[in-house]
Amino acid sequence: MKTLLLSVVCTLIGLNLCNAKTRLKDCEAYLKNDTLVIRNSQVEQKWLWNKGNIELLSFKNENTSSALSWKKENLFALGGSGFTKNVAFEIDRNRGDIFLPDHLAVYIENQHGNVFSKRILRIFPDVATISCDYYLKYEHLKTGFEEEQHKADGTEKHQKKHKKLQKSHAFAVGFDSKHWQIKTVNFKDATDIHDNLVYETTSIPYRSSEKRQGNLLIGEDLVGQSCFFLLKEAPNTASQIAYPGFDFEVSQGGVRVPFSGFPLQGRGDEWIKGYTITMGLAENQAGCLLALRQYLKASINYDPKQYEMVMMNTWGDRGQDGKISEAFILRELEEAEALGISHFQIDDGWQQGLSANSVHRSGRLWDAWTPENWMPNKERFPNGLTKVIKSAKKKGIRLGLWFHPSNENDYATWETDAEILINLNKETGIDYFKIDGVEIPTKEAAINLERFFEKVKKETNGDVFFNLDLTAGTRGGYFSYRPYGNLFLENRYTDWGNYYPFRTLRNVWTLALYFPPELLQVEFLNKWRNAGKYPADDLFAPGNYDFNYLFAIAMVGQPLAWFEATGLPAEAGSVAETISKYREVQADFHSGSILPIGDEPSGRSWTGFQSITEDGGYFLIFRENSSRSAAEIQTYLPAEQQVSLHKIMGDGSGEELILKVTSDQRLRFQLPAENTFVLYRYTKVD
């Protein structure tokens, strides 16, 4: 990352240079005596320097009474390779680039026998978190765990277990109290086979350690008023490289994060990056969730001009590439304009090389492609993409294309693939690319795929935006590739009878507690297709919902019109007014911290979302197939707060309402019928 201001560089000979405070906006860091301090207007961490083998001493929230002291525990320990010496120490004012916004970074490089470690502690302005990137340089790595088989003991069972060799961890904090409640959250992608995407486990640790799976750990002090979280910015458990079988080891003594993301064999003098660990602090779980949300948005360059979209992709009608042609796309663009669509993406089939998903038997390509394969198909687009681009531009619609990087030999041709997209962008002005078919089985594949993304972003000055498919394969999950674009969440099809609107709502609702839903593409389908694929008495079949309601489910994310517009009946045109109203407030709605409220969607619940800004926000409320005409829903507003509600769209009563929050933080909402919704903008009333 380019550093525009002079770095403060400290060596073993001159650590006194870092006594001076290095500042960037509200962030500052310095080393004084034997204490390393990193802070901003929200939080402060103090570390025992310990000759460079740092140990966390305290973590304080500057705006609440939350403060935690920690037992001494080396942040990093490698069994069999003790700490040798500190090699380098540096504090940088890092000005933003196309990947990260402005932030302050503390670099610590140490030697542990024959292994070298580099930690980068990052703090972003006005966010209550501090992140730790870590890198290793080695020939052979012994991470402290190995698999062994149980010996025969007469019980006739055979299983694997992890044997702890010596104390070893990539990140650790030591508890200074026995009384903690620990929640871990495990996420699922590969949504073609998973439809329950969030799993929570809660317990109170005891003396013996427990091994937990999940990207997120939330620890609540049962004595004081403090709550912290650890976010492991890695693929989901099934997709991590060199995964030891768990993500966190928890006991009364503290939390350790085992090594993962590192192959046994190193790359000589080349640094290998592990998975970033981000730590946040608040006074309760609600505060932790808000801090997590703020970090996930503030640590990327969320530009509404790039991120906000109502995209159409015709693949959802299961025509595959059978209809893809210049004439078909031009007709689709006409209908898309009438609906108010902002982005149109041509999925698999625009290219000369036909994939294995083609309706044509000649389609066989999947793992290996050539540049010639990625020319516009000569038969389907005899004029190239010229007419399509001209039509889209005239209509104010931004175009996107489908792309499958060659994953053969661990993305060995990543540079060639990057050049394909760079040239497409330069020649056509197309900025949006759906990335599909990804498989990341090895560290080499992970490194090369990241090189592919970074080269494209750098050489297009950040103009290219990726829609990253999460539906199948061994992929990056929810947290690995956030700087590159948004996430294509799921494929659901009426053809297969597996599209149920309440289940889509449920998936987004459960994810939204921990992940910004505005970073997800959320589909809505043509409800009139394939009615016969659903039982006549199926209460939750898509045909039982208003089309505007289906669109409203997607509004909390980036709506994805997963159908052919030319296949819609005339009555579907009524959604255009809803889309128009939504696009007027979309960026503002997504600018808040969006969290789920109400009951978990079940098809019969009162449920919804609250978008929280400093002085107001939005409520998106759904009455599913519930007999209750009103419901009191718990919110994130203060007790007894008066709020003014202005209806943006939907079925709620009254254009303007004044409501008062109850003592247990609830508001009463009314909707006139089953399967209706309303979107309100609210402001706090003094």
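The values are calculated or read from the model by the stated rules, or taken from the named source; none is laboratory data. Remember, predicted model here, so these are calculated numbers, not experimental data. Positions of Cβ are generated from backbone atoms using ideal geometry, with glycine treated the same way; all protein chains shown enter the neighbour counts.
List of remarks:
- Looking across Arg503, Arg482, Arg451, one residue alone is farther than 30 Å from Leu339 by Cα and either of a type in the set (A, V, I, L, M) or out of contact with any Gly (no Cβ under 8 Å at 6 or more places or on another chain) (or both). It is Arg451.
- Pair list, Cβ under 7 Å, 6 or more apart: segment 453-464 residue more than 16 Å from Lys305 (Cα to Cα), other residue of a type in the set (Gly, Ala, Ser) and outside any loop (DSSP other than H, G, I, E, B): Lys455/Ala418; Val456/Ala418
- Subset of segment 487-513 [part of a loop (DSSP other than H, G, I, E, B) and crowded, with 23+ Cβ neighbours inside 10 Å]: Leu489, Glu490, Arg492, Thr494, Tyr499
- Verdict on Arg628 being over 25 Å from Lys581 (Cβ atoms) and not hydroxyl-bearing (Ser, Thr, Tyr): yes
- Pairs meeting the criteria (first residue in segment 198-224 and in the same structural domain as Val185 (by TED's automatic domain parsing) and loosely packed, with under 15 Cβ neighbours inside 10 Å, second residue in a strand (DSSP E or B) and of a type in the set (Lys, Arg), beta carbons under 8 Å, at least 6 apart or on different chains) are Glu200/Lys183; Thr201/Lys183; Thr201/Arg212; Thr202/Lys183.
- Residue match in segment 94-101 (condition: in contact (Cβ under 8 Å) with a residue 12 or more places away in the chain and either touching a Ser or Thr at 6+ places or on another chain (Cβ under 6 Å) or not in a loop (DSSP other than H, G, I, E, B) (or both)): yes
- Being touching a Gly at 6+ places or on another chain (Cβ under 8 Å) and surrounded by fewer than 15 Cβ atoms within 10 Å (Cβ to Cβ) is true of Thr683.
- Only one of the numbered conditions (1) among the hydrophobic types (A, V, I, L, M, F, W, C); (2) within 22 Å of Glu332 (Cβ to Cβ); (3) surrounded by 22 or more Cβ atoms within 10 Å (Cβ to Cβ) is violated by Ala570, and that is (3).
- Single unsatisfied condition, Ile91 versus (1) touching a residue at least 60 places away in the same chain (Cβ under 8 Å); (2) outside any loop (DSSP other than H, G, I, E, B); (3) touching a Gly at 6+ places or on another chain (Cβ under 8 Å): (3)
- Restricting the first member to segment 626-653 and to residues that are in contact (Cβ under 8 Å) with a residue 60 or more places away in the chain, and the second to residues that are in a strand (DSSP E or B), the beta-carbon pairs closer than 6 Å and six or more apart or on different chains are Tyr636/Gln610; Tyr636/Ile612; Ile648/Leu679; Ile648/Arg681; Met649/Leu679; Gly650/Phe677; Gly650/Val678; Gly650/Leu679.
- Candidates Phe551, Phe540, Phe479: the one that is part of a helix (DSSP H, G or I), aromatic (Phe, Trp, Tyr) and in the same structural domain as Ala446 (by TED's automatic domain parsing) is Phe551.
- Tally, over segment 335-364, of residues that are of a type in the set (S, T, N, Q) and without any contact (Cβ under 8 Å) to a residue 24 or more places away in the chain: 1
- Flag for Ala291 being free of Cβ contacts under 8 Å to residues at least 12 places away in the same chain and either under 30 Å from the mean Cα position of the chain (by Cα) or at positive phi (or both): no
- Extreme residue, modelled with the lowest pLDDT, among residues of segment 63-98 that are basic (Lys, Arg) and more than 29 Å from Ala286 (Cα to Cα): Arg95
- Among the candidates Glu427, Glu444, residue that is over 25 Å from Leu519 (Cβ atoms) and free of Cβ contacts under 8 Å to residues at least 24 places away in the same chain: Glu427
Conditions (1) at pLDDT 95 or above; (2) of a type in the set (Ser, Thr, Tyr); (3) under 26 Å from the mean Cα position of the chain (by Cα); (4) part of a loop (DSSP other than H, G, I, E, B), marked per residue:
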position	(1), (2), (3), (4)
Pro263	no, no, yes, yes
Gly268	no, no, no, yes
Gly322	no, no, no, yes
Arg331	yes, no, no, no
Ala338	yes, no, no, no
Gly363	no, no, no, yes
Ala368	no, no, no, yes
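- Sole residue being in the same structural domain as Pro263 (by TED's automatic domain parsing), surrounded by fewer than 22 Cβ atoms within 10 Å (Cβ to Cβ) and of a type in the set (A, V, I, L, M, F, W, C), chosen from Ala172, Ala234, Ala238: Ala238
- Qualifying residue in segment 95-106 (condition: more than 20 Å from Arg23 (Cα to Cα) and either assigned by TED's automatic domain parsing to the domain that holds Asp176 or not charged (D, E, K, R) (or both)): yes
- In segment 419-428, the condition of being under 23 Å from the mean Cα position of the chain (by Cα) and either of a type outside the set (Val, Ile, Thr) or farther than 26 Å from Ser260 by Cα (or both) is met by no residue.
- Members of segment 198-217 that are assigned to a strand (DSSP E or B), out of contact with any helix residue (DSSP H, G or I) (no Cβ under 7 Å at 6 or more places or on another chain) and within 22 Å of Pro235 (Cα to Cα): Tyr199, Glu200, Thr201, Thr202, Glu210, Lys211, Arg212, Leu216, Leu217
- Residue in segment 650-669 that is assigned to a strand (DSSP E or B), under 27 Å from Leu511 (Cβ atoms), touching a helix residue (DSSP H, G or I) at 6+ places or on another chain (Cβ under 9 Å) and not assigned by TED's automatic domain parsing to the domain that holds Arg293 present: yes
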